[in-house]
Amino acid sequence: MPTPNPAALEFLLSRRSRPAKTLTLPVPTRAQLEPILTAAARTPDHGKLEPWRFIVLEKAALDRLAGVVTRLGETLGYAPDKVEKNTKQFSDGNLAVVVVAAPVDNEKVPHIEQIYSAGAVCLSLLNAALASGWGANWLSGWISHDRTFCEAELGLAAHEQIAGIIHIGTETSAPPERPRPDVDAITDWVSA
């Protein structure tokens, strides 16, 4: 018979991301962030390849990157509102963790499974931050897929990509609950 963990299940059933724009100071210290990163790194990882890594962006880095995003978005001809939305992700943030998908060549574990693992790290990081009492939000946007930004500003290798940018801070307001999927509508039971 399994040993249930009702508190963990209740957390997962009621967890709610906090909009990044509502997160403020204080943010976790390095010592407070380490167990959150450790929990995130305990994600499913076929072959024990660790096909992901973290880049922690503190306030000064976020401010610098906001300027880069603005200039790059304007150069690429994106609509001003699209540029502003991604710029604010950085300028309004106080701490963010970039989860980098870094797949490795392995004959037993396809790259796609390694990318899925990086996505699982994002969710684990988000949930670990929330479980630690912080507000957190998983963002991306066009800038996350721009190779110039990824390589020149974050030092990603050509085979790496951003899986997500997890903003962490003190929540100032809880958003209203939103509609959740109808599990019966998205589940097929196969018995034979």
At most 13 other Cβ within 10 Å, DSSP loop - chymotrypsin sites (Phe, Trp or Tyr not before Pro), the range 101-192 | W189
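Relative to the Cα centre, what is the charge dipole magnitude of the chain, using +1 at the beta carbon of each Lys and Arg, -1 at the beta carbon of each Asp and Glu, and rounding to the nearest 20 debye?
On the way: 18 positive and 22 negative charges, 90 e Å.
Dipole size: approximately 440 debye.
Using helices alone, I'd like the mean residue ellipticity at 222 nm for the chain: each DSSP H run of four-plus residues gives -39500 (n - 2.57), total over residue count, nearest 500. The partial results should precede the final answer.
Numbers: 5 runs with 70 residues, N = 192.
The helix-only estimate for the chain comes to -12000 deg cm²/dmol at 222 nm.
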Using Cα centres only, tell me the gap between the range 137-192 and the range 5-65 in whole Å.
-> 12 Å
Could you work out the local net charge near S17, counting Lys and Arg as +1, Asp and Glu as -1, over the other residues with Cβ closer than 15 Å to its Cβ?
-> +4
Would you tally the net charge around L49, using a Cβ to Cβ cut-off of less than 14 Å, leaving L49 out, and scoring K and R as +1, D and E as -1?
-> -3
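Mind jotting down a quarter of the surface of the convex hull over the alpha carbons of the range 10-101, in square nanometres, one decimal? Write out the running numbers ahead of the final one.
Values: hull surface 33.0 nm².
Its average projected convex-hull area is 8.3 nm².
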Scattering curve values for the range 1-57, log₁₀ I(q)/I(0), Debye with Cα scatterers, q = 0.31 Å⁻¹ = -1.16
Counting other beta carbons within 10 Å of each Cβ, put R71, R178, R53 in order, fewest first.
-> R178, R71, R53
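Taking N as the number of residues in the range 19-172, what value does Rg over Cα atoms divided by 2.2 N^0.38 Å take?
Dividing the Cα radius of gyration by 2.2 N^0.38 Å gives 1.03.
Could you tell me the number of lysine pairs in the chain with C-alpha atoms less than 15 Å from each other, where the two lysines are 8 or more residues apart or belong to different chains? Walk me through the numbers before you get to the answer.
Values: K21/K59; K21/K85; K21/K88; K48/K108; K59/K88.
Close lysine pairs under the 15 Å cut-off: 5.
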Have a look at A60, A129, V183 and report the one farthest towards the positive end of the charge dipole of the chain, computed about the Cα centre with Cβ charges (Lys/Arg +1, Asp/Glu -1).
-> A60
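Mind listing which trypsin sites (Lys or Arg not before Pro) in the range 77-153 are in a DSSP loop and have 16 or fewer other Cβ atoms within 10 Å? Before the final figure, lay out each step's value.
Working: sites: K82, K85, K88, K108, R147; in loops: K108.
Those satisfying the criteria are K108.
As an exercise, find the ratio Rg/Rh for the range 69-120 from alpha-carbon atoms, using the Kirkwood inverse-distance average for Rh.
Values: Rg = 16.2 Å, Rh = 13.6 Å.
Result for the range 69-120 is an Rg/Rh of 1.19.
Arranged by the count of other C-beta atoms within 10 angstrom, fewest first, what order do I168, I115 take? It would help to have the intermediate numbers written out before the result.
Numbers: I168 28, I115 17.
The order, fewest Cβ neighbours first, is I115, I168.
Only the coordinates and a few stated rules stand behind these numbers; no lab work does. None of the values given here were measured: they were computed from a predicted structure. Cβ sites come from the backbone with ideal geometry, for glycine too, and all protein chains shown count toward neighbours.
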